[in-house]
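Note sheet for the following structure.
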Amino acid sequence: MGQSCTASSVCAVVEIAASSASYDLGDQLRAYRRDGVQEYVVWRVLDRELDWFVLREGTYDRLEPDAACVLRSEVFRCLAEVPRDVTARIEQNWAR
């Protein structure tokens, strides 16, 4: 946990996917793993789901929420906290 990020590395990629979700979670996921992207987040619009992956020892593990049901970045500890109910919050904001 708490991997370091350097100026020459890509620390995280965040994507919004609709029709491209199968590509993003397949070929794209493998490409980012190969390139050493430490965290990969995909918001699947049609499924209303958020997938958050953390690169650990060369493979992506799905980030699990903590006891408060919050997903916390391992790379950007102070910057990234995403409640697991992010779908409802996004939809509420879009409805305004």
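The values are calculated or read from the model by the stated rules, or taken from the named source; none is laboratory data. Source: prediction; values computed, not measured. For neighbour counting, all protein chains shown are included, and Cβ atoms are generated from backbone atoms with ideal geometry for every residue, glycine included.
If you go through region 64-77, how many residues are within 17 Å of residue 13 (Cβ to Cβ) and either among the charged types (D, E, K, R) or exposed (fewer than 15 other Cβ atoms within 10 Å of the Cβ) (or both)?
Count: 2.
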Note to self: Looking only at region 41-74, how many residues end up being closer than 20 Å to residue 28 by Cβ, in a loop (DSSP other than H, G, I, E, B) and not charged (D, E, K, R)?
What the structure shows: 5
Next item on the list: Can you give me the number of residues within region 45-63 that are surrounded by 11 or more Cβ atoms within 10 Å (Cβ to Cβ) and either more than 11 Å from the chain's Cα centre (by Cα) or of a type in the set (Asp, Glu) (or both)?
Entry: 7
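What residue, of 14, 37, is modelled with pLDDT of 75 or more, part of a loop (DSSP other than H, G, I, E, B) and of a type in the set (A, V, I, L, M)?
Numbers: 14 fails: part of a loop (DSSP other than H, G, I, E, B).
Going through 14, 37 in turn, the sole match is 37.
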